[in-house]
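Structure record follows, encoded as structure tokens.
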Amino acid sequence: MKKVGIFYSFRSVKTHQQVRKMIKLLGEANCEEVDADVATLEDFKKFDNYIFAVPTWFDGELPNYWDEYLPAIEDENFKGRKFAIFGGGDQKNYPENFVDGVGIMAEFIEERGGKVVGFTSVKGYNYESSRAQRDDKFVGLALDIENQAALTNERIENWITDIKKEFGIK
């Protein structure tokens with residue numbers, strides 16, 4: 001089995017903390033971290049399974065580093081590849097676009113034939129709308145460190161249990 005490529009900005013302290021928890025649960029030997037700030041097409045091609053960390057910035061936007069990286073991979077065929085997406089949002093201060101970045105990334109992946117895995121329940125959140133919501137699920141893991149920090153570890157543990165099955169990790 002190829003390693004899981006975990007793409008995130010190494011400059012993001014909160015995201016790094018979340019990724020470290022995920023790597024511990026997935027097993028160090030199963031993961032390779034990739035800095036989304038400097039990632040290349042070759043970095044992308046090394047994997048069949050991915051975890052993308054996609055926080056939502058401002059009024060429902062992708063972080064700059066994702067805006068800069070996506071053009072490098074937009075012409076790739078993602079067929080046969082699986083993607084799990086997680087991201088932070090703030091349901092209290094930005095309830096009208098809670099974790100929109102996760103939804104934007106899921107759309108980008110699916111338009112290129114990739115399979116998004118790791119859907120999670122919207123129960124337990126209080127927000128107005130989200131591009132990451134499909135029916136009663138988010139298309140990834142929604143984390144709100146600002147308002148629900150106490151729920152983060154359990155949410156990550158449950159999500160990684162599902163992701164391991166999808167990625168074929170024992």
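Starting from residues that are without any contact (Cβ under 8 Å) to a residue 60 or more places away in the chain and of a type in the set (A, V, I, L, M), keep the ones in region 5-36 and report whichever is surrounded by the most Cβ atoms within 10 Å (Cβ to Cβ).
Checking each candidate, the answer is Ala36.
Residues to consider are Ile169, Ile160, Ile145; find the one that is surrounded by fewer than 20 Cβ atoms within 10 Å (Cβ to Cβ), of a type in the set (A, V, I, L, M, F, W, C), under 20 Å from Lys14 (Cα atoms) and in contact (Cβ under 8 Å) with a residue 24 or more places away in the chain. Give the derivation first.
Details: Ile169 fails: under 20 Å from Lys14 (Cα atoms); Ile160 fails: surrounded by fewer than 20 Cβ atoms within 10 Å (Cβ to Cβ).
Every option except Ile145 fails the conditions.
What are the residues in region 62-77 that are loosely packed, with under 10 Cβ neighbours inside 10 Å and in a loop (DSSP other than H, G, I, E, B), if any? Working first, answer last.
Narrowing region 62-77 to residues loosely packed, with under 10 Cβ neighbours inside 10 Å: 71, 75, 77.
Correct list: Asp75, Asn77.
So Lys2 fits all but one of (1) over 13 Å from the mean Cα position of the chain (by Cα); (2) surrounded by fewer than 17 Cβ atoms within 10 Å (Cβ to Cβ); (3) under 29 Å from Asp90 (Cβ atoms); what number is the exception?
The failed condition is (3).
Looking at (1) within 24 Å of Glu42 (Cα to Cα); (2) assigned to a helix (DSSP H, G or I), find the lone condition where Gly80 falls short.
Tallying (1) within 24 Å of Glu42 (Cα to Cα); (2) assigned to a helix (DSSP H, G or I), Gly80 fails exactly one: (2).
Let's see how each residue does on (1) touching a Pro at 6+ places or on another chain (Cβ under 8 Å); (2) within 30 Å of Lys170 (Cα to Cα):
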{"residue": "Val54", "(1), (2)": "yes, yes"}
{"residue": "Ala72", "(1), (2)": "no, no"}
{"residue": "Arg81", "(1), (2)": "no, yes"}
{"residue": "Phe86", "(1), (2)": "no, yes"}
{"residue": "Val116", "(1), (2)": "no, yes"}
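Filter region 1-21 for residues that are aliphatic (A, V, I, L, M) and more than 13 Å from Pro55 (Cα to Cα); which is modelled with the lowest pLDDT?
My answer is Met1.
Does region 92-115 contain at least one residue that is closer than 22 Å to Val19 by Cβ, of a type in the set (Gly, Ala, Ser) and without any contact (Cβ under 8 Å) to a residue 24 or more places away in the chain?
No.
Looking at (1) modelled with pLDDT of 95 or more; (2) touching a strand residue (DSSP E or B) at 6+ places or on another chain (Cβ under 7 Å), find the lone condition where Pro63 falls short.
For Pro63, the exception is condition (1).
The values are calculated or read from the model by the stated rules, or taken from the named source; none is laboratory data. Values in this document were obtained by computation on a predicted structure and should not be read as measured data. Quick reminder, even Gly has a Cβ in these numbers, built from the backbone with ideal geometry, and neighbours come from all protein chains shown.
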